[in-house]
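Colleague: Sharing a structure with you now.
The values are calculated or read from the model by the stated rules, or taken from the named source; none is laboratory data. Everything quoted here is computed from the prediction, not taken from an experiment. Counting neighbours? That spans all protein chains shown, and the Cβs are built from the backbone with ideal geometry, glycine included. Ligands, DNA and RNA are excluded from the accessible area calculation, which covers all protein heavy atoms including side chains. Shrake-Rupley method; radii C 1.70, N 1.55, O 1.52, S 1.80 Å.
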Amino acid sequence: MSHLTEHYRLLLGLDAAWEVSEVSLCLEEKRVEISLMHLGGRVTCPECGAECSIADHAPERNWRHLDTMQFETRLCARTPRANCKACGVKTSTVPWAGKYSRFTLLFEAFAISVIQACGNVKNAATLLGLDWDSVHGIMERAVERGLERRQLDSLDYLGIDEKSFRRGHSYVTLLVDLTGSRVLEVVEDRTEEAANTLWKVLSHQQKDQVAAVATDMWPAFVNSIESNAEQAEVVHDRFHISKHLNEAVDKVRRQENKALAQADDDRLKGTKQLWLFNPENISEDRWIEFETLKNQELKTSRAWAIKEQFRWLWEYRYAGNARKFFTRWYNWATRSRLKPIIEVAKMLKRHLENILTYFRHRITNAMSEGFNSRIQSIKSQARGFRAFKNFRTRILFYCGKLELLHEKLTHQNS
Ligand SMILES: [Zn+2]
């Protein structure tokens, strides 16, 4: 047995203070139990770091470790307790596990990569043979570690964006590093106060370096940008703008469809998607249907044409030419006698200066829209995230680009 115990000691990367005292195989239960023994000497106080004598040993406990040939493997040990003059008697930390974890560092690292690869917490839990709470605990500790070590210097382009959270009118707001493609923080709600909370992850110096922030025309977000990063320019996001225009087209269509239906005309019925998609995304047979429809004298086709025309704005190289284009577009839109279109046109004019900033910075929340599918899948996995905290943990776990492994393992790798 002696070379087997030595083999495990090396595998576990134990220092000289620990020894593998026994390895027992339970063939029937498919379990390996590795008993570890502290060899005495001095230990470090977990509170203040002082070298102390050993007071006594805590009762035996165990940690789940990486499986050995499909045998569930556990480490068992009695942890020495430090007799600290300043702090009292404290249970010292063990080299193979984090402070409050029931798993070894290597097991947690393995679990993290399984959770990442699965993209689905429930499947990962089944694969790892763990319950929901344990998996969630691993994710929570990983995110905490990652946030502690995160680098936030030289951020230049940020995005502030909202996402629906629970059913109904419940939202969360995200702060995104557009250059680094990562979510920096998530808060509940979409008020100015909520947005101000987002900025707290950055120091004054870090806020001062931000050149521009992409966001919707939502006043709460704009106000929070102005009060937290005075020098940063606001760039109204082109995807939000096209969303507003799409909504206006759909309003026109619904009104017109109602009026036509009264005269038994159902031309516009079931055509909602045709007017909203970019023409290149329409399937071929629906394209033929759409071609005939959009060339008819319909309010909806006029609204659609105005919306489509606006997309050319983004093709300009210089803000001056884009501004001229906007003026022509605006005159057309406001003379259309289509109320929803006129309303959006006026809103765009009010925010024009912060739309034209796009030509200086070329940023959009499109990248953070890329998190959409990810966040959507996180949301759909959990039957109603009762606790916002859990939702935040998962978003940061999957979209935060955090260093999730324990520091010890990161150093070993590099
Ligand atoms: Zn101490």
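Colleague: Counting just the residues of the range 90-111 that are open to solvent by less than 30 Å² (accessible area, probe 1.4 Å) and among the aliphatic types (A, V, I, L, M), which one comes out farthest from the ligand (Cβ to nearest atom)?
Modeller: Applying the filter and picking the extreme gives 111.
Colleague: Moving to a separate point now. In the range 26-38, which residues are surrounded by 13 or more Cβ atoms within 10 Å (Cβ to Cβ), assigned to a strand (DSSP E or B) and not polar (S, T, N, Q)?
Modeller: So in the range 26-38, the residues surrounded by 13 or more Cβ atoms within 10 Å (Cβ to Cβ) come out as 30-38.
Those still in the list that are assigned to a strand (DSSP E or B) too: 31-38.
Correct list: 31, 32, 33, 34, 36, 37, 38.
Colleague: Ok, one more. Consider residue 15 against the criteria (1) within 16 Å of the ligand (Cβ to nearest atom); (2) open to solvent by 30 Å² or more (accessible area, probe 1.4 Å): it satisfies all of them except one. Which criterion is unmet?
Modeller: Among (1) within 16 Å of the ligand (Cβ to nearest atom); (2) open to solvent by 30 Å² or more (accessible area, probe 1.4 Å), the lone unmet condition for residue 15 is (1).
Colleague: Any residue in the range 163-184 that is farther than 17 Å from residue 399 by Cα sitting within a Cβ distance under 7 Å of a residue that is assigned to a strand (DSSP E or B)? List the pairs, counting only those 6 or more apart or interchain.
Modeller: 170/164; 171/162; 171/163; 171/164
Colleague: Name the residues in the range 192-205 that are open to solvent by less than 20 Å² (accessible area, probe 1.4 Å) and among the aliphatic types (A, V, I, L, M), would you?
Modeller: Step one: list which residues in the range 192-205 are open to solvent by less than 20 Å² (accessible area, probe 1.4 Å), which gives 194-195, 198-199, 202.
Residues satisfying the conditions are 194, 195, 198, 202.
Colleague: One residue is enough: does the range 180-192 have a residue meeting the conditions part of a helix (DSSP H, G or I) and over 28 Å from residue 112 (Cα atoms)? Reasoning before the result, please.
Modeller: Of the range 180-192, the ones part of a helix (DSSP H, G or I) are 192.
Next, only the ones that are over 28 Å from residue 112 (Cα atoms) stay: 192.
Within the range 180-192, one or more residues are part of a helix (DSSP H, G or I) and over 28 Å from residue 112 (Cα atoms).
Colleague: Given the criterion closer than 22 Å to residue 242 by Cα and open to solvent by 20 Å² or more (accessible area, probe 1.4 Å), identify the matching residue among 216, 208, 189.
Modeller: Values: 208 fails: closer than 22 Å to residue 242 by Cα; 189 fails: closer than 22 Å to residue 242 by Cα.
Only one candidate passes the filter, namely 216.
A quick yes/no check of all residues on (1) surrounded by fewer than 14 Cβ atoms within 10 Å (Cβ to Cβ); (2) at pLDDT 95 or above:
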| residue | (1), (2) |
| --- | --- |
| 348 | no, yes |
| 352 | no, yes |
| 364 | no, no |
| 381 | no, no |
| 389 | yes, no |
| 395 | no, no |
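Colleague: Do the conditions hold for residue 197, that is, is it of a type in the set (Ser, Thr, Tyr) and within 21 Å of residue 394 (Cα to Cα)? Please lay out each step first, then the result.
Modeller: On the way: of a type in the set (Ser, Thr, Tyr): yes; within 21 Å of residue 394 (Cα to Cα): yes.
So residue 197 passes the test.
Colleague: Restricting attention to the range 276-326, and to residues there that are of a type in the set (S, T, N, Q) and within 26 Å of residue 360 (Cα to Cα), which single residue is surrounded by the fewest Cβ atoms within 10 Å (Cβ to Cβ)?
Modeller: If we filter the range 276-326 for residues that are of a type in the set (S, T, N, Q), which is where we start, we get 278, 281, 283, 292, 295-296, 300-301, 309, 321.
Now narrow it down to the ones that are within 26 Å of residue 360 (Cα to Cα): 278, 309, 321.
Working: 278: 9, 309: 15, 321: 13.
Only one residue tops the list, namely 278.
Colleague: Only one of these conditions is not met by residue 125: (1) open to solvent by 10 Å² or more (accessible area, probe 1.4 Å); (2) modelled with pLDDT under 95; (3) more than 23 Å from residue 387 (Cβ to Cβ). Which number is it?
Modeller: Result: residue 125 passes all but (3).
Colleague: Of the residues 106, 127, only one is touching a residue at least 40 places away in the same chain (Cβ under 8 Å) and of a type in the set (A, V, I, L, M); which?
Modeller: Details: 127 fails: touching a residue at least 40 places away in the same chain (Cβ under 8 Å).
Just a single option satisfies the conditions, and that option is 106.
Colleague: Quick check on the range 142-175: of everything there that is in a strand (DSSP E or B) and of a type in the set (A, V, I, L, M), which residue is surrounded by the most Cβ atoms within 10 Å (Cβ to Cβ)?
Modeller: Among residues in the range 142-175 that are in a strand (DSSP E or B) and of a type in the set (A, V, I, L, M), the one surrounded by the most Cβ atoms within 10 Å (Cβ to Cβ) is 158.
Colleague: Of all residues in the range 39-67, which are surrounded by 18 or more Cβ atoms within 10 Å (Cβ to Cβ) and touching a Phe, Trp or Tyr at 6+ places or on another chain (Cβ under 7 Å)?
Modeller: Within the range 39-67, 63, 64, 65 qualify.
Colleague: Taking the condition of being open to solvent by less than 40 Å² (accessible area, probe 1.4 Å) and either at pLDDT 95 or above or among the aliphatic types (A, V, I, L, M) (or both), how many residues in the range 367-379 meet it?
Modeller: Selection size over the range 367-379: 2.
Colleague: Here's something else I'd like to know. Residue 70 passes all but one of (1) open to solvent by 50 Å² or more (accessible area, probe 1.4 Å); (2) more than 16 Å from the ligand (Cβ to nearest atom); (3) polar (S, T, N, Q); (4) closer than 22 Å to residue 406 by Cβ; which number fails?
Modeller: Every condition holds for residue 70 apart from (4).
Colleague: When residue 224 is evaluated against the numbered criteria (1) surrounded by fewer than 17 Cβ atoms within 10 Å (Cβ to Cβ); (2) part of a helix (DSSP H, G or I); (3) hydroxyl-bearing (Ser, Thr, Tyr), which criterion, by number, is the only one it fails?
Modeller: The one condition residue 224 does not meet is (1).
Colleague: So which residues in the range 317-349 are among the β-branched types (Val, Ile, Thr) and in contact with a helix residue (DSSP H, G or I) (Cβ under 6 Å, 6 or more places away or on another chain)? Explain how you work it out, then say what you get.
Modeller: Keep residues of the range 317-349 that are among the β-branched types (Val, Ile, Thr), which gives 327, 334, 341-342, 344.
Once the filter is applied, which keeps residues that are among the β-branched types (Val, Ile, Thr) and in contact with a helix residue (DSSP H, G or I) (Cβ under 6 Å, 6 or more places away or on another chain), the range 317-349 yields 334, 341, 342, 344.
Colleague: Inspect the range 94-102 for any residue being within 30 Å of residue 210 (Cβ to Cβ) and modelled with pLDDT of 90 or more and give the result as yes or no. Don't jump to the end; show me each part of the working.
Modeller: First pass over the range 94-102, keeping only residues within 30 Å of residue 210 (Cβ to Cβ): none.
No, because not a single residue in the range 94-102 is within 30 Å of residue 210 (Cβ to Cβ) and modelled with pLDDT of 90 or more.
Colleague: How many of the residues in the range 75-89 are open to solvent by 60 Å² or more (accessible area, probe 1.4 Å) and either closer than 19 Å to residue 17 by Cα or near the ligand (Cβ under 8 Å from one of its atoms) (or both)? Outline the logic, then answer.
Modeller: First pass over the range 75-89, keeping only residues open to solvent by 60 Å² or more (accessible area, probe 1.4 Å): 78, 81, 83, 85-86, 89.
Restricting the remaining residues to those that are either closer than 19 Å to residue 17 by Cα or near the ligand (Cβ under 8 Å from one of its atoms) (or both) gives 78, 81, 83, 85-86.
Total satisfying the criteria: 5.
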